[in-house]
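For reference, the structure is listed below as structure tokens.
The values are calculated or read from the model by the stated rules, or taken from the named source; none is laboratory data. Keep in mind the model is a prediction, meaning the values are calculated, not measured. Don't worry about glycine lacking a Cβ; one is built from the backbone with ideal geometry, like all the others, and counts go over all protein chains shown.
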Number of protein chains: 2
Amino acid sequence: MSQTVDRALGILPLLAEGPADLGQVADRLGVHKSTALRLLRTLHEHGLVYRQSDQRYRLGARLFALAQEAMENLDIREIAHPHLVRLNETCGHTVHLAVYEENEVLYIDKVESRYPVRMYSRIGKPVAITVAAVAKLLLADLSEAERRAVAEKLEYPLYTACSTPNPAAFLKELATVREQGWATDLGGHEESINCVAAPIRGADGRVAAAMSVSAPNVVVTADELLTLLPLVRRTADAISGEYSGRTPVTTPDRDTV
Amino acid sequence: MSQTVDRALGILPLLAEGPADLGQVADRLGVHKSTALRLLRTLHEHGLVYRQSDQRYRLGARLFALAQEAMENLDIREIAHPHLVRLNETCGHTVHLAVYEENEVLYIDKVESRYPVRMYSRIGKPVAITVAAVAKLLLADLSEAERRAVAEKLEYPLYTACSTPNPAAFLKELATVREQGWATDLGGHEESINCVAAPIRGADGRVAAAMSVSAPNVVVTADELLTLLPLVRRTADAISGEYSGRTPVTTPDRDTV
DNA sequence: AATGAGCGTTGCAAGAGATGCAACGAACCT
DNA sequence: AGGTTCGTTGCATCTCTTGCAACGCTCATT
């Protein structure tokens, strides 16, 4: 819509790949060096871009700060966090909280397992959308038309033999999930990792977020993990209650000192 | 430098404060609604801004992803992480890693203490620059002129009775830190929390990052914490060695599954 | 020491593109 | 229904961006 801004913003993902010098930026943007320079300068002034000692540009610190503030504005996260911690204390496994936003599902909170085996996932990172249990819940809540549209657009990487292979299989899985009100991922992303997930609903009954418990085979079998389902659902319902304003908030214990 | 981009980027910090509607954005930017609309649309296309169900705008998901990728490009973080984890396993306290960038010091990694008492700090969050031990180390390495310039520009909030009160005191502290090659923060930020920090140097000998160990009074006294100084310094030196390429990397054990 | 290549930077003229206006449409409230 | 508020669109104006060419700097080569 706005060419100048469009070009400037195009620099960001480019620098996300790694540092680049003026020439490289100008080339990949398809503009004159002087133009790229001015755009970079503006980005720099806003702290989104940083110029390192070798003169090359990379993403700047303000980006972290912004992402941080954005995160703190997600009130669902605030509400959910103590519940996630409590669940983690009870079962010991890794707990995730995720939301859906414009064709992406991303983790907005995570409590690490209480044993050394860790999952590779990071807050802010997009989720493997075709296999993750939380993603299934979030997408299952869309209208049928939206689900079909999204399912068609996605890629279906075969992380493992259990990964969802194509749109048809995905839509079928979403239908099941929609029906039963919970979801699993049994080795669909990493051979040895299973997840159980439950939805968190807002006042309008729509799925606002989803949470999951993940554990590797070496710690508990898939069947054992499934026995946690009632607990996960209860936790999710408790969060839903607070989030939708039905339950008065009891003790909003923060993770402060 | 570029008015259009400047205005567009000005929207981001504004939205970081909380969701806003078109009118509010236009007003605070001092432009016509239609202009604000076009800028927001462009930001939206790039995923930096999200339009929530009540039509108001807030910061978008791409911001998280960008911040994430930016972080992963910081190779010092990759190198340091296993060392930080090991240190945390040894002493049990919270370990931080921070860098300096254009008048800001920010945490780029953190390993939580192994006991329930937690510090309030987040990766990506700017550090309390006038009191934090890591900040002292990072600023102490600047040239004298730069130090003076920065010291003058800063605010000196009195978090506690021990907080650095003014530029003069800060410069004096920086001189001490520069001299001794390590730094502390004894209750300067939170009454009950002490920190010991050591610098990580690049191949050119300049301070590239700083790491610290923090613990509350209720767990260890300041004196006890200070006994960890040699360990902290050794860890920092080990990281310096790898970062500057002097030490061959032994076992780069990642925090993957 | 001199020459040349490569890269970032600056001033400027031309015109593309951003801007604000006014008018429309939709939703909401009285 | 009538009125208000807010987001959206088309358009004419002219500001602001753009690419060019020239400059200066650093570094490598002869």
inquiry  = Against the definition (within 11 Å of chain B (Cβ to nearest Cβ), closer than 30 Å to residue B:14 by Cβ and part of a helix (DSSP H, G or I)), how does residue A:138 come out, yes or no?
reply    = no
task = Mind telling me which of the residues B:9, B:59 ends up being crowded, with 22+ Cβ neighbours inside 10 Å, within 16 Å of DNA strand C (Cβ to nearest atom) and not charged (D, E, K, R)?
result = B:9
query = Got a number for residues in segment A:44-56 being touching a residue at least 12 places away in the same chain (Cβ under 8 Å), more than 10 Å from DNA strand C (Cβ to nearest atom) and within 16 Å of residue B:10 (Cβ to Cβ)?
reply = 4
Residue check, residue B:99 farther than 19 Å from residue B:226 by Cα and either surrounded by fewer than 18 Cβ atoms within 10 Å (Cβ to Cβ) or in the same structural domain as residue B:198 (by TED's automatic domain parsing) (or both) = yes
key: Those residues of segment B:22-36 which are surrounded by 15 or more Cβ atoms within 10 Å (Cβ to Cβ) and within 7 Å of DNA strand D (Cβ to nearest atom), in sequence order   = B:22
ask   = Checking residue A:209 against (1) part of a strand (DSSP E or B); (2) away from every other protein chain (no Cβ under 14 Å); (3) within 21 Å of residue A:102 (Cα to Cα), which single condition isn't satisfied?
value = (2)
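Could you name every one of the helices (runs of 4 or more DSSP H) located completely within segment A:1-73 that has at least 1 residues being under 26 Å from residue A:122 (Cβ atoms)?
Numbers: elements: A:3-16, A:22-29, A:33-45, A:62-72.
Where helices (runs of 4 or more DSSP H) fall fully within segment A:1-73 and carry at least 1 residues being under 26 Å from residue A:122 (Cβ atoms), they are A:3-16, A:33-45, A:62-72.
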inquiry  = Criterion first (acidic (Asp, Glu) and modelled with pLDDT of 95 or more) does residue A:204 satisfy it?
reply    = no
message = Go through (1) within 16 Å of DNA strand D (Cβ to nearest atom); (2) over 21 Å from residue B:102 (Cβ atoms); (3) more than 12 Å from chain B (Cβ to nearest Cβ); (4) crowded, with 18+ Cβ neighbours inside 10 Å for residue A:83 and report which single condition fails.
response = (1)
task = May I ask you to say which residue of A:92, A:30 is at pLDDT below 95, under 29 Å from residue A:210 (Cα atoms) and of a type outside the set (Asp, Glu)?
result = A:92
query = Got a sec? Which of B:171, B:138 is assigned by TED's automatic domain parsing to the domain that holds residue B:207 and touching a Pro at 6+ places or on another chain (Cβ under 9 Å)?
reply = B:138
task = List the number of the failed condition for residue B:54; all other conditions in (1) buried (at least 17 other Cβ atoms within 10 Å of the Cβ); (2) modelled with pLDDT under 90; (3) within 16 Å of DNA strand D (Cβ to nearest atom) hold.
result = (1)
key: Some residue of segment A:102-115 being assigned to a helix (DSSP H, G or I) and more than 12 Å from the chain's Cα centre (by Cα)   = no
inquiry  = When you check residue A:89 against the structure, is it of a type in the set (Asp, Glu), within 7 Å of chain B (Cβ to nearest Cβ) and in a helix (DSSP H, G or I), yes or no?
reply    = no
message = Going by what's in this entry, would residue B:75 be described as more than 11 Å from chain A (Cβ to nearest Cβ) and of a type in the set (D, E, K, R)?
response = no
key: Residue match in segment A:180-189 (condition: in contact with a Cys (Cβ under 6 Å, 6 or more places away or on another chain), modelled with pLDDT of 90 or more, farther than 24 Å from residue B:52 by Cα and in a loop (DSSP other than H, G, I, E, B))   = yes
query = Does any residue of segment B:36-43 turn out to be more than 8 Å from every other protein chain (Cβ to nearest Cβ) and more than 16 Å from DNA strand C (Cβ to nearest atom)?
reply = no
